[in-house]
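One structure is given here, and the rest of the page talks about it.
The values are calculated or read from the model by the stated rules, or taken from the named source; none is laboratory data. Everything numeric here is computed off the predicted structure, so don't read it as measured data. Methodologically, a virtual Cβ is constructed for each residue, glycine included, from the backbone with ideal geometry; neighbour enumeration extends over all protein chains shown. What goes into the accessible areas is simple: the full protein's heavy atoms, side chains included, and nothing from ligands, DNA or RNA. Shrake-Rupley method; radii C 1.70, N 1.55, O 1.52, S 1.80 Å.
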Amino acid sequence: MSTSPVWHPFHQHGLGEYIPLVTRGEGAILHTADGRRVIDAISSWWVTTHGHNHPRIMAAMREQTEKLDQVIFAGWTHEPAETLARGLVEMMPDRLDHVFYSDSGSTAVEVALKMALGYWHNRDEPRHRILVLEHSYHGDTIGAMSIGERGVFNRAYAPLLFDVGTIPFPATDPQPTLDALEAACTAGDVAAFIVEPLLLGAGGMLTYPPEVLAEMRAICARHAVLFIADEVMTGWGRTGTLLACEQAGVTPDILCLAKGLTGGCIPLAVTMASAPIFDAHYSTDRAKLFFHSSSFTANPVACAAAVANLQIWREEPVRERIATLSRRLGEKLEALAQHPQVSNPRQCGTMIAFDVDAGGDAGYLAEIGPRMREHFFARDVLIRPLGNTVYTMPPYCISPDDIDRVADAMATAIETCAGS
């Protein structure tokens, strides 16, 4: 049994697996207490965009700590939150004119659900049903779990979860997906449809084309169903554009952002809403206000980090870095896909993934997953396979040499772990 009192997320302590102590991060590299240089090939769970300890973001946070560390945000405000909100409205799609702050991707999604339900409630219209896309994952709070795929992630908590309508994932033929969405929206009781645009993360790094996203948005618009885009993971360049929705020409009614919002250095999230959503809560009646907050809503230090992130996007060639990284990863995926035990190779921007065929050992709890994770760590690469699905989604600053090392580790993992 471990001597540490720390209970780690998504970690089975009973297996006695080694937990490295990280002492420093720089760019795409993590340094450990035992002197190892580890390539962070998954951006520390998809959050780190420009690299660890980016100088501009660190400087902004240090400067803010000398001014204001924390203040209540209910009826009070501060300059970093105001500057960030204006910057987000300017940078994000038109009509997303209102910015609500929270602390994580899960809470950004909870806020979105409450906004959608509050919208219909304040309009005295009986819409309450939420539609979700099959295989989705939106977080680990109760509402976020309710709208995620049911299974090992949340089986123990089933009594807490509310019912949703599930739309089939557009795996090959998108028509069943579109038909199911059309039929569900026709019922008249649907409040909102929430999706991870183009790329489903924890559901297995599954991808679908922009044309399908555009059609799903159009169906919702025809039936006045609110369209929520969960871009917590897909936002900030992961799919090759600032937002995944951009590739489909789609503007959601509600947009969730987190992870890369601060460059991945400190927790902060926003839920952006269109004017009708805000206006449904705007009233002289205090009972119609939006009942949501947390103690650290719009923390000034986190907001300062996010303001610096927006400046980096405006002033540095971030999009060019993303395009270059996407090309290099695509070349690596093409080579990896030649292995006979690789199936369903796929890429979405700076993410490449494939499934390893290991004699029917598949799914999130596939035994090959921990074997491959150990294989990667032994080669100083941080990758956490999703069962038999291997992927990389590195920071945009990763060097060509380190991309080579990640790809080499993936290739040897297929060869050595699949037959173990």
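Brief remarks follow.
- Residue check for T234: in a loop (DSSP other than H, G, I, E, B), among the polar types (S, T, N, Q) and open to solvent by 10 Å² or more (accessible area, probe 1.4 Å): no
- Of all residues in the range 259-275 being within 28 Å of H54 (Cβ to Cβ) and assigned to a loop (DSSP other than H, G, I, E, B), the one that is most open to solvent (accessible area, probe 1.4 Å): P267
- Those residues of the range 2-44 which are of a type in the set (S, T, N, Q) and modelled with pLDDT of 95 or more, in sequence order: T23, T32, S43, S44
- Taking (1) under 30 Å from Y101 (Cβ atoms); (2) modelled with pLDDT under 95; (3) open to solvent by 60 Å² or more (accessible area, probe 1.4 Å); (4) among the aliphatic types (A, V, I, L, M) in turn, A221 satisfies each apart from (2).
- Boolean, R321 is under 23 Å from the mean Cα position of the chain (by Cα), farther than 21 Å from I414 by Cα and surrounded by fewer than 17 Cβ atoms within 10 Å (Cβ to Cβ): no
- If you go through the range 354-372 and pick out every residue that is touching a strand residue (DSSP E or B) at 6+ places or on another chain (Cβ under 9 Å) and either part of a helix (DSSP H, G or I) or not small (G, A, S) (or both), you end up with 8.
- Test for R405: is it closer than 21 Å to I29 by Cα and either open to solvent by 70 Å² or more (accessible area, probe 1.4 Å) or not β-branched (V, I, T) (or both): yes
- Subset tally (residues that are outside any helix (DSSP H, G or I) and open to solvent by less than 20 Å² (accessible area, probe 1.4 Å)) for the range 307-318: 0
- Counted residues, the range 41-52 - those being open to solvent by 10 Å² or more (accessible area, probe 1.4 Å) and in contact with a helix residue (DSSP H, G or I) (Cβ under 7 Å, 6 or more places away or on another chain): 3
- Boolean, T3 is out of contact with any Asp or Glu (no Cβ under 9 Å at 6 or more places or on another chain), more than 27 Å from A302 (Cβ to Cβ), open to solvent by 40 Å² or more (accessible area, probe 1.4 Å) and not in a helix (DSSP H, G or I): yes
- Residues being among the acidic types (D, E) and open to solvent by 60 Å² or more (accessible area, probe 1.4 Å) - total across the range 374-402: 2
- Within the set V38, V71, the sole residue that is open to solvent by less than 80 Å² (accessible area, probe 1.4 Å) and closer than 19 Å to R384 by Cβ turns out to be V38.
- Complete set of residues in the range 307-332 that are touching a Pro at 6+ places or on another chain (Cβ under 8 Å) and under 20 Å from R62 (Cβ atoms): V307
- Index of the failed condition, C256 passing every other in (1) assigned to a loop (DSSP other than H, G, I, E, B); (2) within 18 Å of the chain's Cα centre (by Cα); (3) over 24 Å from I398 (Cα atoms): (1)
- Top-ranked residue in the range 289-317 [being aliphatic (A, V, I, L, M) and touching a Leu at 6+ places or on another chain (Cβ under 9 Å); ranked as nearest to A108 (Cα to Cα)]: A298
- Considering residues of the range 276-306 that are open to solvent by 30 Å² or more (accessible area, probe 1.4 Å) and among the aliphatic types (A, V, I, L, M) only, the residue farthest from A28 (Cα to Cα): A287
- Contact annotation: residue pairs with Cβ atoms under 9 Å, 6 or more positions apart or on different chains, pairing a residue in the range 404-420 that is at negative phi with a partner that is at pLDDT 90 or above and among the aromatic types (F, W, Y), are V406/F376; A409/F376; M410/F354; M410/F376; A413/F376; I414/F354.
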